[in-house]
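The values are calculated or read from the model by the stated rules, or taken from the named source; none is laboratory data. Here the structure is a predicted model, which is why all the values come from computation and not from measurement. Methodologically, a virtual Cβ is constructed for each residue, glycine included, from the backbone with ideal geometry; neighbour enumeration extends over all protein chains shown. Note: areas computed on protein heavy atoms with side chains; ligands, DNA, RNA excluded. Shrake-Rupley method; radii C 1.70, N 1.55, O 1.52, S 1.80 Å.
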Amino acid sequence: SAASSKAAVRCVRFGCDGQTVLAGTGAGEIHVWDLRGGSGFGGGASKGAAGNAFSVASRRTTSFPVLRTARVADALALAPTLRGGHLDAPARRLWQDAMRSGVDWCEQDPHDPRRVGFHLNSGWSGVLDLASRDAAGVPTATHAHCPEPLYAPGADGAAPVLAPGLSQPALAHRRTAAWLTNGAGGSKCAALLVGCPGTSGVRALDF
């Protein structure tokens, strides 16, 4: 179960060091556990974090404290260009709902464990820097890909409708992202490849 909410876990990944576990939830959270204990990312464990159970290759249950919990929508909302100020009120609500979507995929950058890529159920993707936070402890969203809105406001206050060219079966297909690595030695780098709901092809968030 998730530590700070009762939202269902939608994805689980081991970190690149084999000792870190990341989990994305339906509430748009990314939980991080360090199976060695400690206080990585320069900030220590989340305040009041509860233990969570893991059992690896045995029936013995072991509890580990949550190292960090990051809410993706909080990080995205700090970026002035992502606040939707250019939109009218109905469209802005849809925009903000997309930011609060559940996390379908999250994974550390293979070359920099401080960076965590994410892909939301709404189609949004990006990267959080867990070592860079504001005064309230919200991590920095260093990159974001915001696809065209999946829904458009209905006429005269009616329910939202699908954007042109999209279909419900296409949206039901769950997409994830992937890190593309390149280079060796001191020139190592990675880009995040993401897919867009209802469309073909991928986008690359390059560093």
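Any idea which of ALA155, ALA163, ALA184, ALA204 is open to solvent by 50 Å² or more (accessible area, probe 1.4 Å), more than 21 Å from VAL103 (Cβ to Cβ), hydrophobic (A, V, I, L, M, F, W, C) and at pLDDT 75 or above? Step through it out loud before you land on a result.
Values: ALA163 fails: open to solvent by 50 Å² or more (accessible area, probe 1.4 Å); ALA184 fails: at pLDDT 75 or above; ALA204 fails: more than 21 Å from VAL103 (Cβ to Cβ).
Only one candidate qualifies: ALA155.
Specify the residue that is modelled with the lowest pLDDT; the eligible residues are those in segment 66-100 that are open to solvent by 50 Å² or more (accessible area, probe 1.4 Å) and closer than 14 Å to ILE30 by Cα. Going through the qualifying residues, I end up with ARG100.
Residues in segment 187-201 that are outside any helix (DSSP H, G or I) and either open to solvent by 70 Å² or more (accessible area, probe 1.4 Å) or modelled with pLDDT of 75 or more (or both): LYS188, CYS189, ALA190, ALA191, LEU192, LEU193, VAL194, GLY195, SER200. Within segment 105-136, restricting attention to residues that are closer than 17 Å to LEU193 by Cα and among the polar types (S, T, N, Q), the residue that is most open to solvent (accessible area, probe 1.4 Å) is ASN121. Quickly run through segment 113-147 and pick out the residues that are charged (D, E, K, R) and in contact with a Lys or Arg (Cβ under 9 Å, 6 or more places away or on another chain). Matches in segment 113-147: ASP129 only.
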